[in-house]
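Structure record follows, encoded as structure tokens.
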Amino acid sequence: MAQVGTVPLRAVSGRPPRKGGRNAAQRRFVYATLVPLALLFLVFWIYPVLNGLWGSFTDWRAFSPDRQFVGLRNYARLVNDSIFITALVNTLQFAAMYLPLQIACGLGLALAIEASGKLKSFFRTVYFLPVVTSVIATSLIFKWLYQPTLGLFNQLLELAGLPTLGFLQSPSQALASIVFYTLWKSLGVTMVLFMAGLNGIDRSFYEAAKVDGGSRWPIFWQITVPLLRPTTILVLVTGIINTLQVFEPIFIMSSVGENSPPGGPANSTTVVAIYQWATAFEELDLGYGMAMGIALFAIILVVTLAQSRLLKQSWEY
């Protein structure tokens, strides 16, 4: 009996095990996994997008079941809406200020941490902590730090004998102040991406360059930067997507007074997402708000595809 228990199944049954049952079980597992995900994707992504697209062609008002088709009237209204144009310009300015700093600071921080030796894990954890903290909590903390009279930043400027700044209460400084917070909050993600890109570079390139007498800066510009192109493209694309639909920090930090709406002062921080929220949920003009959302989606899609095509290039080493 002990020997029979050790005989292979093929020797006992006279034929190899059937694969049909195993394949059927695998298919059932795949269907049981993919079907719920597909349903969630249809319900929570495809349906809202299609519903929003249809709603942008109607005069839908909140709490009103009637939707009358108005064609492109909402989109024509966008072209003549001075606040929307201001919001679009502010959104593009936000992206133009944030993206170069994100790439430069993220890459510089990644290089510094990679060169820190045994303390690399410690510094990586410290600089990644803002990413996992609450947006609401950190935005409120920075809103206090930017406070003109009691804020820590202006107190430090006074101690240094420098003039104080208006920060969030200055129309010319408010958007840049929020850009600085957003950079501090998300820099850890960029740092980690560039560190992964640096670790993926074959060390033999650097060794060969040093043998040929290459110094630090030529090696950086001629080897490190080109080999980080895929990572840079990823950072740029995700950064554009995030900055063009930025909402939470501006919504929290730009309300400088008790009764002042988000986007102040004087619409200097009103971005498209903020204006869309105000139109849809304060004025209850859902049709016009959906048109803004579709227009922003189209802008993000065009910019992302154009950027990916311009920066994409085949490299062989």
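Values in this text are rule-based calculations from the coordinates and carry no lab data. In this text the structure is predicted, and so the values were computed from the model without any measurement. For neighbour counting, all protein chains shown are included, and Cβ atoms are generated from backbone atoms with ideal geometry for every residue, glycine included.
Points to keep in mind about this one:
- Integer Hz, Karplus 6.51/-1.76/1.60 couplings in order for the range 95-102, x for Gly and Pro: 5, 5, 7, 7, 4, x, 5, 4
- Using only side-chain charges placed at the Cβ, +1 for Lys and Arg and -1 for Asp and Glu, the dipole size of the chain relative to its Cα centre rounds to 1880 debye.
- Other residues with beta-carbon under 11 Å from the beta-carbon of R61 carry, at +1 per Lys or Arg and -1 per Asp or Glu, a net charge of -3.
- Remark: the range 284-290, residue by residue, has Karplus-estimated 3J(HN,Hα) of 6, 9, 5, x, 5, x, 5 Hz, where x stands for each Gly or Pro and the curve is 6.51 cos²θ - 1.76 cosθ + 1.60 at θ = phi - 60°.
- Unit charges at the beta carbon, dipole of the chain: most positive-side option, G151, G71, N51: N51
- Rounded to whole Hz, the Karplus (6.51, -1.76, 1.60) HN-Hα couplings of the range 177-188, x for glycine and proline: 5, 6, 4, 4, 4, 4, 5, 4, 6, 10, 5, x
- Label-point separation, F69 to F247 (7 Å along Cα→Cβ), nm: 2.9
- Per-residue [θ]222 nm for the chain (sum of -39500 (n - 2.57) over DSSP H runs n ≥ 4, rounded to 500): -20500 deg cm²/dmol
- When the convex hull of its Cα atoms is projected in every direction, mean area for the range 73-311 (nm²): 16.4
- Ranked list, fewest to most other Cβ atoms within 10 Å of each Cβ, for F153, F251, F128, F69: F69, F128, F153, F251
- Restricting attention to the range 73-311, lysine pairs at least eight places apart or on different chains and with alpha-carbon atoms under 29 angstrom apart total 5.
- Cβ-based exposure ranking for W144, W217, W184, W277, in which fewest neighbours within 10 Å come first: W217, W144, W184, W277
- Zero-based 10 Å bins, Cα pair distances in the range 226-291, whole percents: 20, 37, 25, 13, 5, 0
- For T58, nonlocal amide neighbours, meaning residues 5 or more places apart or on other chains whose placed amide H falls under 5 Å from its own, are V70.
- Among F128, L227, T86 - extreme Cα towards positive end, dipole of the chain, charges at beta-carbon: L227
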